[in-house]
């Protein structure tokens with residue numbers, strides 16, 4: 001957990017049932033976060049690209065600079081480590097589509113709801129049930145920017 | 001990399017890649033510095049990644065390879081303006097801090113959708129023990145500024161879907 005997010009207490013993953021909603025997490029994607037992430041993926045350098053520079057973004061056909069889609073997927077991943085623990089680090093899965101752009105200053109809320117629970121041997125990992133969640137990142141205007149599914153193992 | 005070396009690389013576009021082609025492969029070591037840079041970049045932190053974990057030793061975050069698909073492509077192609085559309089991640093087992101892993105990126109599908117060329121590739125990460133650590137799936141729109149006529153279908157399956 002960092003100073004840039006907020007979350008409620010999480011339930012025990014082993015007690016989840018279809019339809020259960022997982023307390024989410026809010027995260028601001030400000031220009032500072034975008035530059036910090038860009039510096040990381042650029043080997044410590046500040047670079048101009050569609051994520052950091054409006055003009056470069058326009059030349060690529062975008063209205064202005066946008067955050068990378070995969071940047072906030074790390075927030076989803078860390079939230080699922082909180083929820084599933086070892087059952088996410090060894091057996092976890094995420095599948096998401098980046099359906100709308102994320103602009104500097106957006107505040108994203110992660111929503112997650114249990115879609116289904118697969119028994120061991122039915123798409124689940126060895127010795128554990130797989131809890132499948134519908135996940136989404138929704139911006140401050142209520143627009144879903146990232147959507148998909150994620151899962152982790154329980155009772156492994 | 002020098003600009004001379006960069007100019008020797010092919011442009012990353014519809015014409016330069018094929019389904020089944022290896023985009024690149026390499027070995028990297030998950031040093032504490034690499035993990036620290038990742039955690040700083042995504043503003044995350046956890047004792048498991050630094051001091052110890054239930055797996056018996058500090059582990060790397062599941063998303064530690066978050067940028068490596070594009071990094072490997074960029075090591076071998078000149079790329080500009082691709083838009084990341086979808087991602088898939090399979091975390092088979094955590095990678096240990098200090099572990100040397102093998103990464104290989106293969107183009108798995110190329111298709112035309114909504115008038116744009118789309119590319120799906122897969123990165124497999126294998127640990128020192130030869131076992132799979134993670135699989136990352138990456139789907140991008142190759143360019144938002146090109147016309148549909150520039151994209152000749154390459155995937156029989158997707159070609160049928162388009163009809």
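The numbers here are math on the coordinates, done by the rules we state, and not lab data. Bear in mind that the values here come from a model prediction, so they are computed numbers and not experimental data. All Cβ positions, glycine included, derive from the backbone under ideal geometry; neighbour counts span all protein chains shown.
Brief remarks on what is shown
- Label separation (residue A:134 vs residue A:54): 3.7 nm, computed from points 7 Å beyond Cα along the C-beta direction.
- 16 Å cut-off, amide nitrogen to a point 7 angstrom out along residue A:36 Cα→Cβ, residues in region A:74-118: A:74-76, A:78-79, A:104-108
- Spin-label pair residue B:50/residue A:21, simplified geometry with 7 Å Cα→Cβ offset, distance in nm: 3.4
- Angle between chain A longest axis and helix A:73-84 axis [Cα atoms, degrees, rounded to 10]: 20
- Two-site label geometry, residue A:141 and residue B:93: point separation in nm, points 7 Å out along Cα→Cβ: 4.7
- Each Cα pair under 8 Å and six or more residues apart adds its sequence gap; the mean of these over the residue count of region B:21-162 is a relative contact order of 27 percent.
- Mean projected area of the Cα convex hull of the protein assembly as shown, taken over all directions, amounts to 16.8 nm².
- Residue-averaged beta-carbon neighbours from other chains (10 angstrom radius) around B:89-97: 5
- Counting only the Cα atoms, chain A fills a convex hull of 118 Å³ per residue.
- Counting only other chain Cβ atoms within 10 Å of each residue's Cβ, the peptide A:35-47 averages 3.
- Summary of packing: across the peptides A:67-79, B:117-129, the per-residue average of other C-beta atoms within 10 Å ranks them, highest first, as A:67-79, B:117-129.
- Volume per residue for region B:21-162 equals 124 cubic angstrom (convex hull of Cα atoms).
- Average beta-carbon neighbours from other chains, 10 Å sphere, peptide A:86-98: 6
- Inter-part distance where region A:7-86 and region B:32-105 are each reduced to a Cα centre, Å: 14
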